[in-house]
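Student: Structure in structure tokens, see below.
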Amino acid sequence: MDSIRFRQQARQLRQARQQLDSLRQQLATATEQAAAATRLYDELPSFIFVFDLPSSSLQYCNRFVEARLGYPVAELRALGSRVLEVLMPKAEVAELHRHYANIVALSDGQLESFEYIMHHRTGATRWLRLTSAPFARDAQGRVTQVLSIAEDITRWKITDEQRRSANRRLAEQNRLFRQIIDTVPNLIYLKDSQGNYVLANEATARFYDLSHEELLRAALPELEARFPSMAQYRRQDEQVLRSGQEIDEESPLTDGQGNQRWFRTVKRPFVLTDGTVQVLGVDNDITELKHTQQALEQAKETAEQNAQVRQNFLTNMSHEIRTPLNGIVGLTGLLAKTSLAAEQRQLLAHAQDSADNLLVLINDVLDMAQLGAGRMRLESMPFELDHVLRGSCQALLPTATAKGISLRLQLPPAAGPARVLGDPHRLRQVLLNLLGNAVKFTPKGEVLLTYECLNPLAPAPQYRFSVLDTGIGIAPAQLRELFEPFTQASASTAREFGGSGLGLSISRGLVELLGGQLVADSEPGRGSTFRFTLTLAPAPAAPAALPAPPPDFQRLRGYRVLLAEDNPVNQLLMQTMLRGWEVVVDTASSGAEALALFRQNLYAVVLMDIQMPGLDGVATTRLLRQHPSPDRAATPVVALTAHAMPGDAERYRAAGLDAYLAKPFREQALFDLLIRLLRPASTPASAPLSAVAEPVAPPPAQQVAQLPAGQPPLYDLTMLRRMSGNDDGFVRRLALLFVETTPPAVVRLEQHLRLRQAPELAKAAHFLKSSTDGLQLFSLRPVLRDLEAVAAGAAPPDWPRLARLVEQVSVTVEEVVEQLREEFPG
């Protein structure tokens, strides 16, 4: 029995030992597996831990916690129940406990997530996403431990917060953008390639009397049906999409109420991120601006019309005043040459002074009108500066000497270029005004004119001119208003010294027109100083004047010329002149005769009077140019006319005439013109093809025919005698021809006046002007010019004034005819 029991125990012991070995192997394997699992858990990029609920401590955690929170595992486990207080804010601890409470209610295998904050050992914040499940239960089945896996989502949280923040800012910007575009009064919109609105502000919706939503929903055909002006919008949109360029246009649009408004539209392409191109537009309402512009243009036109009316009025008044004033000046001058008593001579001197002052006033008013209207034009020509200054002083020297004051010109030793480019006439006018005032307001002492060059080496030197006097001076209060029109220092000054108060205002306007500024310094009782500075470019030195050789009129010998002239006096004058050059002359009295002769004969040049009965000179020239022979059609034609107005030369050349000569002209001028046109062998090839001669100025006094003392000369035969080589027979024939043909022309002039026939009156005056110019009858030239201009005036003719002019022509012609009959009897 014992042996059997012993063998059973031995067998049990061997089995126990085998089980123990097996358990050891299983334990070793489990230990290895646990170690491997631990290593695996430590390598996972997540925080894995087991939290014991009863003790509120970490039962297990992997080493990921060391990298993310900076705490060793042993230290965290050693914290026990304080671990959550150390790692988390109090609010987060409470949330975590609620999370664990939810886990307790879960079944095995169920999960729940939770995001919370934990603190790094350094104090930095870490965001974790916790996923938990029941891990261990007690005998009653209650959860005692929770297994959690925490993923570090700090970067994602930061990125998400940044995204949310960016979205919030974008939303704020969108709201701000919307408020801005809805606040501004401009129409702001974005349209797709089909012309439909994809964005529009409130102003755009209000313009079409639609709500914002209605405008965005409406298709383009629907809008175009309601608003026809949208078709223009579509054209602009298509242009932007096609060209890819911005447009900027002004155009009218009709709003939802049917009112037309003007907009300045700016549209440009707007490219989306996917490459789609839309049209961004901004319309600025410029309706009020357009109305203002129209009002300004209307006001400008009205102002220009008023200025023109004022200019015409001043011109007419000047003419009306000058005509009788010219008689007053002339008659008082003649009266001064007769025997007069002392009292009569004194009264006559007062009358002459009054006439001179009135003439100065008229000139000043006209100058002010021209300056105010911007019609005064400057010239640019070379002149000697010293000559202008000396001439200005010499003109006023007699007046200064009569007052017993000194008038001096002080020239600097080194004054810069003496020959300059500018307008010497306007400079002289300014200097005469300033010097005249200085002499007038200086009872004793001196007046001094000086100038200096401020920068002699500059390309365009500046010159400062000064007029100094020791006169009565000007008070500071009056000095500020001194340059205003019709202004003088005081009422007593005007009473004592006279004058209109325009001289200084005109001088200031002229100086500013010349590019300078006129200033004044003065002290009552000590005198005044007026200064202005001008920029005057140096002019090239004048070439040495060589004596001109006498003209060789024989150079035109043998040429054949066609003369078209309806005035018999001018016919004889031209025929004698040309035949004296041994030129063959054929004469036509009308355009039709000129055409007939031109077709029959070959001419070197045609001298064409512009105003002829029937076909005038321009129409005749056009017909001449239609000759079938190109060489004959290209025959040079010279316009001869007494109606020399600005722009005539261009008009005649446009009509086909080659040159233009204003009557009356000198023999030399016609000869030089024909030389340039015909180019004889000795003529330089570079000579110009056309020329304009200035009308002949009145002859010097020594060339005027001597008449009885005290009687002004009415005509002058000096030019005729010189042209004909002192051929008394020719002069006699011309004088008798004038006596024969001119009185009937005056009768026709008077007849047209009685019948109120303005065009015929102008033609008769033109005919007479040609006749009187041949005899150098200068007194009738302005009268006939005014009569000739009556047909071109826009205003109705002033028949009483025209009657006075015709009477003046009749009386003068009658006296000339009587004197010619006395000089050439029989």
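The values are calculated or read from the model by the stated rules, or taken from the named source; none is laboratory data. Bear in mind the structure is a predicted one, so any value in this text is a computation, not a measurement. Cβ coordinates were reconstructed from backbone atoms using ideal geometry, including for glycine residues, and neighbour counts include every protein chain displayed.
Student: Please specify each residue of segment 624-642 satisfying the condition of being assigned to a helix (DSSP H, G or I) and buried (at least 18 other Cβ atoms within 10 Å of the Cβ).
Tutor: To start, the set of residues in segment 624-642 that are assigned to a helix (DSSP H, G or I) comprises 624, 630-633.
Listed by number, the list holds a single entry, Leu624.
Student: Still on this structure, please answer the following. Would you confirm whether any residue within segment 110-133 is under 15 Å from Cys61 (Cβ atoms), of a type in the set (A, V, I, L, M, F, W, C) and assigned to a helix (DSSP H, G or I)?
Tutor: The answer is no, given that none of the residues of segment 110-133 is under 15 Å from Cys61 (Cβ atoms), of a type in the set (A, V, I, L, M, F, W, C) and assigned to a helix (DSSP H, G or I).
Student: Between Gln245, Gln260, Gln232, which is assigned by TED's automatic domain parsing to the domain that holds Ser193, surrounded by 11 or more Cβ atoms within 10 Å (Cβ to Cβ), polar (S, T, N, Q) and under 33 Å from the mean Cα position of the chain (by Cα)?
Tutor: Gln232 is the lone residue from the list that is assigned by TED's automatic domain parsing to the domain that holds Ser193, surrounded by 11 or more Cβ atoms within 10 Å (Cβ to Cβ), polar (S, T, N, Q) and under 33 Å from the mean Cα position of the chain (by Cα).
Student: Given the criteria over 24 Å from Arg653 (Cα atoms), surrounded by fewer than 22 Cβ atoms within 10 Å (Cβ to Cβ) and touching a helix residue (DSSP H, G or I) at 6+ places or on another chain (Cβ under 9 Å), does Arg555 qualify?
Tutor: yes
Student: Ok, one more. Say whether the condition of being under 17 Å from Ala594 (Cβ atoms), at pLDDT 85 or above and not in a strand (DSSP E or B) is met by at least one residue in segment 645-654.
Tutor: Within segment 645-654 (the criterion being under 17 Å from Ala594 (Cβ atoms), at pLDDT 85 or above and not in a strand (DSSP E or B)), the answer is no, since none of the residues qualifies.
Student: Checking the structure you have, find out if any residue of segment 177-198 is of a type in the set (Lys, Arg) and in a helix (DSSP H, G or I).
Tutor: Yes; the residues of segment 177-198 include at least one that is of a type in the set (Lys, Arg) and in a helix (DSSP H, G or I).
Student: For segment 506-615, give me every one of the strands (runs of 3 or more DSSP E) that falls completely inside it and has 2 or more residues that are in contact (Cβ under 8 Å) with a residue 40 or more places away in the chain and closer than 30 Å to Gly436 by Cβ.
Tutor: In segment 506-615, the matching strands (runs of 3 or more DSSP E) lie at 518-523, 527-535.
Student: In contact with a Phe, Trp or Tyr (Cβ under 7 Å, 6 or more places away or on another chain) and either at positive phi or not basic (Lys, Arg) (or both): is that true of Leu216 in this structure?
Tutor: For Leu216, the condition - in contact with a Phe, Trp or Tyr (Cβ under 7 Å, 6 or more places away or on another chain) and either at positive phi or not basic (Lys, Arg) (or both) - is met.
Student: Looking at Gln370, Gln346, which one is farther than 23 Å from Val511 by Cα, modelled with pLDDT under 80, part of a helix (DSSP H, G or I) and not hydrophobic (A, V, I, L, M, F, W, C)? Full working, then the answer.
Tutor: Working: Gln370 fails: farther than 23 Å from Val511 by Cα.
Step by step, each of Gln370, Gln346 is checked, and only Gln346 is farther than 23 Å from Val511 by Cα, modelled with pLDDT under 80, part of a helix (DSSP H, G or I) and not hydrophobic (A, V, I, L, M, F, W, C).
Student: Are there any pairs, at least 6 apart or on different chains, whose C-beta atoms fall under 8 Å, with the first in segment 229-247 and small (Gly, Ala, Ser) and the second in a helix (DSSP H, G or I), and if so, which?
Tutor: Ala231/Glu224
Student: I'd like to check something: does segment 289-310 contain any residue that is within 25 Å of Asp182 (Cβ to Cβ) and either out of contact with any Leu (no Cβ under 8 Å at 6 or more places or on another chain) or not aliphatic (A, V, I, L, M) (or both)?
Tutor: Looking through segment 289-310, at least one residue is within 25 Å of Asp182 (Cβ to Cβ) and either out of contact with any Leu (no Cβ under 8 Å at 6 or more places or on another chain) or not aliphatic (A, V, I, L, M) (or both).
Residue-by-condition table, conditions (1) surrounded by 11 or more Cβ atoms within 10 Å (Cβ to Cβ); (2) without any contact (Cβ under 8 Å) to a residue 40 or more places away in the chain:
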residue	(1), (2)
Met118	yes, no
Gly123	no, yes
Arg129	yes, yes
Ser132	yes, yes
Arg137	yes, yes
Glu151	yes, no
Asp160	yes, yes
Ile181	yes, yes
Leu187	yes, no
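Student: Among the candidates Arg821, Arg785, Arg804, single out the residue that is basic (Lys, Arg), under 29 Å from Asp728 (Cβ atoms) and out of contact with any strand residue (DSSP E or B) (no Cβ under 7 Å at 6 or more places or on another chain).
Tutor: Of Arg821, Arg785, Arg804, the one residue that is basic (Lys, Arg), under 29 Å from Asp728 (Cβ atoms) and out of contact with any strand residue (DSSP E or B) (no Cβ under 7 Å at 6 or more places or on another chain) is Arg821.
Conditions tested, residue by residue: (1) in contact with an Asp or Glu (Cβ under 8 Å, 6 or more places away or on another chain); (2) over 26 Å from Ala791 (Cβ atoms); (3) surrounded by fewer than 18 Cβ atoms within 10 Å (Cβ to Cβ); (4) at pLDDT below 85.
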site: Pro524; (1), (2), (3), (4): no, yes, yes, no
site: Gly527; (1), (2), (3), (4): yes, yes, no, no
site: Thr535; (1), (2), (3), (4): no, yes, yes, no
site: Ala541; (1), (2), (3), (4): no, yes, yes, yes
site: Val561; (1), (2), (3), (4): yes, yes, no, no
site: Val584; (1), (2), (3), (4): no, yes, yes, no
site: Gly591; (1), (2), (3), (4): yes, no, no, no
site: Ile610; (1), (2), (3), (4): yes, no, no, yes
site: Gly614; (1), (2), (3), (4): no, no, yes, yes
